[in-house]
């Protein structure tokens with residue numbers, strides 16, 4: 001019977017594959033265990049010593065002092081623009097209408113066009 005032989009060979013192949021899977025799982029488990037035992041190396045930049053931190057601190061203090069002085073000089077040199085009364089009133093009104101005085105209201109425009 002050929003069918004019996006085919007089934008028997010498939011069972012034998014299944015047993016062989018099960019043993020192979022078990023051995024691969026053992027190898028994988030061993031590799032994972034050794035990976036966990038090994039300390040991880042730090043990646044990226046190394047830490048700074050106290051002296052290096054102090055030098056960076058002093059350098060940044062000088063940098064920001066210069067930036068503040070430059071901003072103060074720029075602000076003192078720039079003339080302040082007086083605020084226009086019409087622009088402030090139009091912005092505060094919130095009506096959405098244009099603050100330009102030369103534009104006639106829509107009703108007058110239709111009369112003027114007729």
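What follows is calculated from the coordinates using simple rules that are stated; it is not laboratory data. From a predicted model like this one, the values you see are computed outputs, not experimental measurements. As a convention, Cβ positions derive from the backbone with ideal geometry for all residues, glycine included, and neighbour counts pool all protein chains shown.
How far, in nm, would the chain grow between residue 51 and residue 75 when pulled straight, counting 0.36 nm per residue and subtracting the alpha carbon separation? Before the final figure, lay out the partial values.
Working: separation 24, 0.36 × 24 = 8.64 nm, distance 3.62 nm.
Separation in residues times 0.36 nm, less the Cα-Cα distance, equals 5.0 nm.
How much of the calculated P(r) for the stretch 1-65 lies past 20 Å, in percent of all Cα pairs?
Details: 1424 of 2080 pairs.
The share of Cα pairs beyond 20 Å in the stretch 1-65 comes to 68 percent.
So if R0 is 41 Å, what FRET efficiency would residue 25 and residue 58 give, r being the distance between their Cβ atoms, rounded to the nearest 0.05? Write down the numbers at each step before the final one.
Numbers: r = 58 Å, r/R0 = 1.42.
Computed FRET efficiency for residue 25 and residue 58: 0.10.
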